[in-house]
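Written out below as structure tokens is the structure these notes cover.
The values are calculated or read from the model by the stated rules, or taken from the named source; none is laboratory data. Owing to the predicted nature of the structure, the values given are computational and were not obtained by experimental measurement. Every residue, glycine among them, receives a Cβ derived from its backbone with ideal geometry; neighbour counts consider all protein chains shown. Heavy atoms of the whole protein, side chains included, go into the accessibility calculation; ligands, DNA and RNA do not. Shrake-Rupley method; radii C 1.70, N 1.55, O 1.52, S 1.80 Å.
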Amino acid sequence: SIPDPRNLKMSDDSPAKQPGPLKSFLAGGVGGICLVVVGHPLDTLKVRIQTMEVVPGQPPPYKGMVDCAQQIVRKEGIKGLYKGMAAPVAGVAPMYALCFLGYGFGKKMFCDDDAFEKLKLTQIGMAGATSALFTTPILGPGERLKCVLQTMESPSYKGPKYNGYKELVAGLYKEGGARSLIRGSGITCVRDAVASFFYFTTYEVLKKTWTPKGEKDPGVFWTFCAGGFAGMANWAAMMPIDTVKSVYQVAPEGKYTGVMHVAKTIMKDSGIKGFYKGLAPVMVRAFPANAACFLGYEMAAKGLTKLGLE
């Protein structure tokens with residue numbers, strides 16, 4: 001049977017079933033890597049569409065998700081869809097370990113003993129949101145590097161071009177010091193807190209709904225469906241924040257005074273729909289990426305158990 005994801009965090013519900021920190025770290029890392037490998041090409045499309053500059057009276061650089069993908073492959077090859085992937089892949093193992101740790105602390109802070117049985121969604125959501133405090137130190141700079149590399153070949157990109165991460169880090173540091181490297185980390189934290197709130201609450205509702213009476217879990221298929229739909233729910237909720245983050249992180253130094261300046265500019269230029277640029281590739285990506293994450297985690301956890309790691 002599929003282990004209850006709540007046992008992957010530092011829960012007091014079933015102490016005997018909690019995996020050790022090394023097992024959580026390794027299995028969570030495998031799950032996160034699977035998520036990135038499956039989802040990164042669509043994430044690239046999302047960032048390109050989010051950050052494209054639309055000039056009044058002229059057609060947009062990309063007509064949509066398919067056109068964006070075709071242009072990238074034609075100009076940069078398939079590898080263009082995977083630009084910027086090294087940073088998130090390198091960060092997923094420690095990020096997921098910290099996410100599990102943060103969620104566990106959040107459960108202790110916010111959740112009653114019967115929070116999951118009675119689906120006290122505000123408590124579960126607040127526990128999930130707590131994980132963002134633990135992951136942002138990795139994700140903030142990682143997102144900054146990823147977004148710049150993903151958009152360098154975009155027609156809307158106005159900054160200098162870099163050959164790889166080493167040159168990019170040196171260039172950003174020269175441009176604005178450490179503050180340039182961590183630009184957007186604050187809004188990344190807000191984004192991920194919102195995402196985690198909706199992810200964990202949606203997952204727990206669907207999991208409980210699809211679990212047959214007398215069973216402990218809904219089985220493999222419905223567990224992965226719950227994860228996929230939960231991923232779609234969290235992106236739908238936090239997409240406007242992610243758009244502001246992406247635009248802010250790839251903008252030339254000094255173009256915006258802060259995230260509120262970015263938000264006001266998007267609203268002025270494109271209206272509400274401007275905050276939802278790239279929604280199509282996000283939704284297409286969310287389900288398989290989150291399903292892959294769960295599949296990777298479960299396979300790794302089972303393999304580690306067979307090796308005697310608890």
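Could you point to the residue in MET152, GLY28, GLN50 farthest towards the positive end of the chain's charge dipole, with +1 and -1 charges on the Cβ of Lys/Arg and Asp/Glu respectively? The residue sitting farthest along the positive end of the dipole is MET152.
Farthest towards the positive end of the charge dipole of the chain, among the residues VAL66, GLY219, CYS189, is the Cα of VAL66, using unit charges on the Cβ of Lys, Arg, Asp and Glu.
For the chain, which whole percent of the accessible surface, found with a 1.4 angstrom probe, sits on carbon and sulfur atoms? Please report the intermediate quantities before stating the final value.
Numbers: 9520 of 14630 Å².
Ligands and nucleic acids excluded, carbon and sulfur give 65 percent.
Accessible area per residue for the chain is 47 Å², calculated with a 1.4 Å probe on protein heavy atoms, without ligands, DNA or RNA.
Straight-distance candidates among the lysines for linking to LYS120, with alpha-carbon spacing under 16 Å and chain neighbours fewer than 8 residues away dropped: LYS107, LYS108, LYS207, LYS208. Basic side chains Lys and Arg get +1 at the Cβ, acidic Asp and Glu get -1 at the Cβ, and with that the dipole of segment 71-228 about its Cα centre reaches some 600 debye.
Using +1 on the beta carbon of Lys and Arg, -1 on that of Asp and Glu, and nothing else charged, what's the dipole of segment 42-136 about the Cα centre, debye to 20?
In debye, rounded to 20, segment 42-136 gives about 380.
Using the structure shown, list the pairs from LYS23/LYS216; LYS46/LYS273; LYS79/LYS264 with a Cα-Cα distance above 26 Å, or answer none. Walk me through the numbers before you get to the answer.
Working: LYS23/LYS216 22 Å; LYS46/LYS273 14 Å; LYS79/LYS264 34 Å.
Correct reply: LYS79/LYS264.
Placing unit charges on the Cβ atoms only, positive for Lys and Arg and negative for Asp and Glu, gives the chain a dipole magnitude near 720 debye about its Cα centre.
Partners of LYS174 within straight-line reach, counting aspartates and glutamates whose Cα lies under 13 Å from its Cα and excluding those fewer than 8 residues away in the same chain: GLU253. Placing unit charges on each Cβ (+1 for Lys and Arg, -1 for Asp and Glu) gives segment 74-120 a dipole about its Cα centre, and among GLY102, PHE116, ILE78 the Cα reaching farthest toward its positive end belongs to ILE78.
Tell me the relative contact order for the chain as a rounded percent, counting alpha carbon contacts under 8 Å between residues six or more apart. Kindly include the intermediate steps, with their values, before the conclusion.
Numbers: 482 pairs, mean separation 85.9, N = 310.
For the chain, the relative contact order is 28 percent.
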